[in-house]
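As structure tokens, the structure follows; a few thoughts come after it.
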Amino acid sequence: MHFKLIIALVEDTVTEKVIEAARAAGATGSTIINHARGEGVEQSKTFLGLTLDTQRDVLLLLVEEHLSRTILEKISEAGKFDEQSGNGIAFQIDIEDAVGVSHQIQTLSHVIEEEL
């Protein structure tokens, strides 16, 4: 079984909504890193040296490759990434190898068989 890693950078107010959408689309788990900061095309606004931007969360989802595109699209819809600049981004990268996921492989095997 081959995996992809979906990395999503989302506003902390929509993290739960994005995770729920990912799970509904077939994700079997996630890791959330809280309080990330970053900039896009527009620089962060500051007031007396304090950043006024909202906090971001980094979501890491190790997903089966056949489900990855659907999960990526559902994450984008839930986070409204394409509606306004700064709502968030998500991307996927190939995973060469993974350990500690045997319990996920058992669960995913049944899901993938139904999909194919």
### Message
So, in the stretch 65-81, exactly how many residues are among the basic types (Lys, Arg) and under 18 Å from MET1 (Cβ atoms)?
### Response
1
### Query
Does the stretch 24-57 hold any residues that are surrounded by 10 or more Cβ atoms within 10 Å (Cβ to Cβ), modelled with pLDDT under 90 and among the charged types (D, E, K, R), and which are they?
ARG37, GLU39, ASP53, ARG56
### Query
In the stretch 1-26, which residues are under 27 Å from VAL99 (Cβ atoms) and among the charged types (D, E, K, R)?
LYS4, ARG23
### Task
Would you be able to tell me the number of residues in the stretch 6-24 that are more than 16 Å from GLU64 (Cβ to Cβ), not in a loop (DSSP other than H, G, I, E, B) and not hydrophobic (A, V, I, L, M, F, W, C)?
5
#### Entry: Selected residue (criterion: modelled with the lowest pLDDT) from residues of the stretch 82-103 that are of a type in the set (D, E, K, R) and within 12 Å of HIS2 (Cα to Cα)
ASP97
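The values are calculated or read from the model by the stated rules, or taken from the named source; none is laboratory data. Since the model is a prediction, treat every value here as computed from it, not as a measurement. A quick note on method: Cβ atoms are made from the backbone with ideal geometry, for glycine too, and the neighbour counts reach across all protein chains shown.
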